[in-house]
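This report refers to the structure that appears directly beneath it.
The values are calculated or read from the model by the stated rules, or taken from the named source; none is laboratory data. All of these numbers come straight from a predicted model, not from anything done at the bench. Positions of Cβ are generated from backbone atoms using ideal geometry, with glycine treated the same way; all protein chains shown enter the neighbour counts.
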Amino acid sequence: MCRVVASFGLLLALCSIARAQNDEVDKLAPARFLVASRDLGDSNFAETVVLLIDYSDEHGAMGLVINRRSDVPLSRVFEDFQEAKGRSDPIYLGGPVELGRVMALLKTPAKPGDAKRVFGDVYLISDKDLLQKTLAAADASTFHAYLGYAGWQPGQLENEVEGGAWHVVAADAAEVFHSDPETVWPRLIRSTETRIALAAPGRPRPATR
């Protein structure tokens, strides 16, 4: 009898995990964070947080790793730009795809030129001329530039999320432009794991008065 009860409990736990992972897939959309799970084995994404920029069933997904700050200053990356001279804030590593490509995220109340709105007052800049203008006007608290990006073929990201590689949460501008990006993943993974634990079946709920 005890074995039957234990097996039934294990089955419930497995069903709960499967439901939770399916729920995570349903959350996939632009303006979401992908928070790498603790056991994600890919060194390209270990302990990363990715801001999803584009997502669709037909075309796959594209995003930027927001918490990998390099030691290379923008003045060195944009040596040909007068506007970048004297800028000591670093370039970020946006992902393993097309490392020669530069994009930027800007937090601003007004849409700059043909920039793409990602969420709230956060915009993606990929045009060279607009990037050059923004370098002259924005500081490190509202502007981050990235080398490369993260990309997934149709169905690939869904499979990774179903396999438990990623947690999907709403994006937050404060985390995108955090002054200490090394703390972003530990904070988000802890809060995500806490949320999952609180939602687990069989957990006693607080008494109501």
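Could you tell me whether any residue of region 132-143 is farther than 25 Å from residue 42 by Cβ, of a type in the set (S, T, N, Q) and crowded, with 20+ Cβ neighbours inside 10 Å?
Taking region 132-143 first, the residues farther than 25 Å from residue 42 by Cβ are 132-143.
From what's left, of a type in the set (S, T, N, Q): 132, 134, 141-142.
Adding the requirement that they be crowded, with 20+ Cβ neighbours inside 10 Å leaves 134.
Checked against the condition, which is being farther than 25 Å from residue 42 by Cβ, of a type in the set (S, T, N, Q) and crowded, with 20+ Cβ neighbours inside 10 Å, region 132-143 yields at least one hit.
Within region 21-79, take every residue that is in contact with a helix residue (DSSP H, G or I) (Cβ under 6 Å, 6 or more places away or on another chain) and assigned to a helix (DSSP H, G or I) and give me the one that is farthest from residue 156 (Cα to Cα).
In this case the residue turns out to be 75.
From the set of residues in region 107-149 that are in a loop (DSSP other than H, G, I, E, B) and among the β-branched types (Val, Ile, Thr), which is nearest to residue 180 (Cα to Cα)?
142
Name every residue in region 167-209 that is modelled with pLDDT under 95 and either on the phi > 0 side of the Ramachandran plot or among the aromatic types (Phe, Trp, Tyr) (or both), in order of residue number.
202
Assess whether residue 91 counts as being part of a strand (DSSP E or B), touching a Gly at 6+ places or on another chain (Cβ under 6 Å) and of a type in the set (Val, Ile, Thr). Steps first, please.
Working: part of a strand (DSSP E or B): yes; touching a Gly at 6+ places or on another chain (Cβ under 6 Å): no; of a type in the set (Val, Ile, Thr): yes.
Judged against the criteria, residue 91 is not a match.
Give the number of residues within region 179-197 that are part of a loop (DSSP other than H, G, I, E, B) and crowded, with 19+ Cβ neighbours inside 10 Å.
Total meeting the criteria: 0.
Take the residues of region 146-172 that are within 22 Å of residue 74 (Cα to Cα) and in contact with a Ser or Thr (Cβ under 9 Å, 6 or more places away or on another chain): which is surrounded by the most Cβ atoms within 10 Å (Cβ to Cβ)? Full working, then the answer.
Within region 146-172, the first condition is being within 22 Å of residue 74 (Cα to Cα), and the residues that meet it are 146-150.
Next, only the ones that are in contact with a Ser or Thr (Cβ under 9 Å, 6 or more places away or on another chain) stay: 147, 150.
Details: 147: 20, 150: 22.
So, considering only residues that are within 22 Å of residue 74 (Cα to Cα) and in contact with a Ser or Thr (Cβ under 9 Å, 6 or more places away or on another chain), the one surrounded by the most Cβ atoms within 10 Å (Cβ to Cβ) is 150.
Pairs, please: C-beta under 7 Å, at least 6 apart or cross-chain, first residue within 21 Å of residue 147 (Cβ to Cβ) and at pLDDT 95 or above and in region 97-125, second of a type in the set (Lys, Arg) and outside any strand (DSSP E or B)?
Taking only residues 6 or more apart or on different chains, the pairs are 123/111.
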